[in-house]
Amino acid sequence: MVKYAKDNFMTHIKAPRRFFDLLADEYSKTMPDPELYPTGSRDRSVFERAITSFEDFLDRANCGLDGILQMCGVCDEWCAAEGICKFMREMIGMVEDILLCLAEGRDSELVAAFIEGELWYQEYKFPIAVLMRDQHNMLKTFLSAFKIARSGSVEEQDDFWENVYLHWFTTWPEHTVHFADIPDDQALSGLQEAAV
């Protein structure tokens, strides 16, 4: 039972660090139109749904863990299963860490923690890095401006993000990320453009 829960869990998250990047990306797309909802905020339920999903996997794994303990006691199989359950609990904790940043300071705290690499999932020893070193260094150059902009007007914040996006996508165009095999000077098809 633990093996099936682990296999389903890993199929669900695929690459853990990439999973968190996609989760953050999904969250960033939930910002309501500032023209219609000037005081609106992003939808935190993106993270709450992830926790609920992880807890379902963990519950199934814990049932198997309890079964092993009852039948065999603390044995090699139980230790291996406990390691799987521990990883699942840590993944839940990593999502809760993001929610904690949001509770402490809304999006600004989360962005600052992300840029500084202070989120638990960023510090966790996954096999693949979230950002390349030069991407991380570029974002760090914007940190002091971010700290000023986050307490400024909406226009100042918009100007700040426009500047960040301009530098980011000039340096690392989405075209080369999603279609590395297509030369930069070659036009993308309509379907490829939509994917970018």
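The values are calculated or read from the model by the stated rules, or taken from the named source; none is laboratory data. Predicted, not measured: the structure shown is a model, and the values here were computed from it. Cβ sites come from the backbone with ideal geometry, for glycine too, and all protein chains shown count toward neighbours.
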Check your understanding: Does the range 46-57 contain at least one residue that is at pLDDT below 80 and farther than 19 Å from Ala15 by Cβ?
Key -> no
Practice item. Working carefully through the options Glu118, Glu96, Glu82, find the one that is at pLDDT 80 or above, in a loop (DSSP other than H, G, I, E, B) and either aliphatic (A, V, I, L, M) or out of contact with any Ser or Thr (no Cβ under 9 Å at 6 or more places or on another chain) (or both). Key: Glu118
Practice item. Considering only the range 41-96, state which residues are in contact with a helix residue (DSSP H, G or I) (Cβ under 9 Å, 6 or more places away or on another chain) and among the hydroxyl-bearing types (Ser, Thr, Tyr). Key: Ser41, Ser53
Check your understanding: So Val130 clears everything in (1) surrounded by 14 or more Cβ atoms within 10 Å (Cβ to Cβ); (2) out of contact with any helix residue (DSSP H, G or I) (no Cβ under 6 Å at 6 or more places or on another chain); (3) modelled with pLDDT under 80 except one condition, right? Which one?
Key -> (2)
